[in-house]
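Following: one structure in structure tokens, then a few remarks.
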Amino acid sequence: MDKKKVILVTGLSGAGKSTAMRFLEDMGYHVIDNFPVKLVSLLSDMIDTSNDPRFRYLALATNALDFPAFLGGLKGQNFETRVLFLDASDQVLLSRYKSTRRMHPLLLVNTANTLEEAIAVERQMFARNMNKSFVMVDTSFLSEKEFKRRIEMYFAKNAIPSFSISFMSFGYKYGVPLDADLMIDVRFLPNPFWVPSLRKFSGDDQCVYDYVMNNEETQEFVKRLLQFTDYAFDQYCKEGKNHFTVAIGCTGGQHRSVTITNFLYGQYKSKYNCYKQHRDEKEWIRE
């Protein structure tokens, strides 16, 4: 019989824990929020020994204060524990709190005096316990539909554990993705934006793709890049890492980053489970 599976859902307050728990519940997980941290050892024993089907697939939500105790109490048991860490930029978190007028948890316990301070303190608290094995999701720019797709991709109950890669294009002018394992800056490549006939198109259009990829600098760059990624992906796969996110950035996230993202996706989709997302690609008006 397969091991019981526990997902520990945590991250910055306001980054989407409640939404993630709702998605996991829809996927068939038994979800528990605000479980008393002092009873974590009792919970661990119950998960290990109980025949209750609710403990086959369990999702627990916890905050920065209780996360270390939950992590320590659940790790190393006879069941599989994975951590879903949700993050968002400070600016997005501030905006979400101001729009909902909710109180940050660290303000409620007098650990911080301002919302900005509360976010900074919470980041410091999590930094002490971060691990590269955590599944990291940056919700700053995610729609609810894309957020749900990410959760389903990582935690589907019938998923076969394997190494998967997400290739994501982005524009530096809109901020960097916080959940990237590897960030590649392609702003040194020739920019189609300065070619009037190409400006209105994106890297998804053949004319822009050809302009970027047929350039001598790009050819030299991708040759060296593939030497690195071929080796790195193979090593991460051997290490047992489940998922790896590669973020490719240019100035606006429309031309060069989209092109290189599409190129890398095409190179690796037959070898690994690959996904791609163009975070900042806009709807262009076609003439």
### Message
Exactly one condition in (1) open to solvent by 80 Å² or more (accessible area, probe 1.4 Å); (2) of a type outside the set (Val, Ile, Thr); (3) modelled with pLDDT of 90 or more; (4) closer than 16 Å to PHE67 by Cβ is false for GLU122; which is it?
### Response
(1)
### Task
Return the pairs, sorted by first residue and then second, in which the second residue is in a loop (DSSP other than H, G, I, E, B) and among the basic types (Lys, Arg), the first residue lies in segment 1-30 and is within 24 Å of MET130 (Cα to Cα) and open to solvent by 20 Å² or more (accessible area, probe 1.4 Å), the beta carbons are less than 9 Å apart, and the residues are 6+ apart or on different chains.
LYS4/ARG56; LYS5/ARG56; LYS5/LYS157; GLY14/ARG102
## Note on the structure
Selection from segment 68-90 of residues without any contact (Cβ under 8 Å) to a residue 12 or more places away in the chain and in contact with a Gly (Cβ under 9 Å, 6 or more places away or on another chain) yields none
## Note on the structure
Considering residues that are in contact (Cβ under 8 Å) with a residue 12 or more places away in the chain and either among the basic types (Lys, Arg) or open to solvent by less than 60 Å² (accessible area, probe 1.4 Å) (or both), the number found within segment 191-208 is 9
#### Entry: Residues within segment 32-59 that are under 16 Å from GLU80 (Cα atoms) and buried (at least 16 other Cβ atoms within 10 Å of the Cβ), tallied
9
### Query
For segment 103-117, what are the residues that are within 14 Å of ASN63 (Cβ to Cβ), out of contact with any Ser or Thr (no Cβ under 7 Å at 6 or more places or on another chain) and either surrounded by 14 or more Cβ atoms within 10 Å (Cβ to Cβ) or free of Cβ contacts under 8 Å to residues at least 24 places away in the same chain (or both)?
MET103, LEU106, LEU107, LEU108, THR111, ALA112
#### Entry: Failed item in (1) closer than 24 Å to ASP138 by Cα; (2) at pLDDT below 95; (3) crowded, with 16+ Cβ neighbours inside 10 Å; (4) touching a Lys or Arg at 6+ places or on another chain (Cβ under 8 Å), with PRO68 passing the rest
(3)
### Summary
Among residues of segment 147-178 being among the charged types (D, E, K, R) and under 24 Å from SER270 (Cα atoms), the residue nearest to the chain's Cα centre (by Cα) is ARG150
## Note on the structure
Within segment 227-276, residues charged (D, E, K, R) and either in a loop (DSSP other than H, G, I, E, B) or surrounded by 15 or more Cβ atoms within 10 Å (Cβ to Cβ) (or both) come out as LYS241, ARG256, LYS269, LYS271, LYS276
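The values are calculated or read from the model by the stated rules, or taken from the named source; none is laboratory data. Note that the structure is predicted; figures quoted are calculated from it, not measured. Cβ: placed from backbone, ideal geometry, glycine included. Neighbour counts: every protein chain shown. With ligands, DNA and RNA removed, areas are computed over all heavy atoms of the protein, side chains included. Shrake-Rupley method; radii C 1.70, N 1.55, O 1.52, S 1.80 Å.
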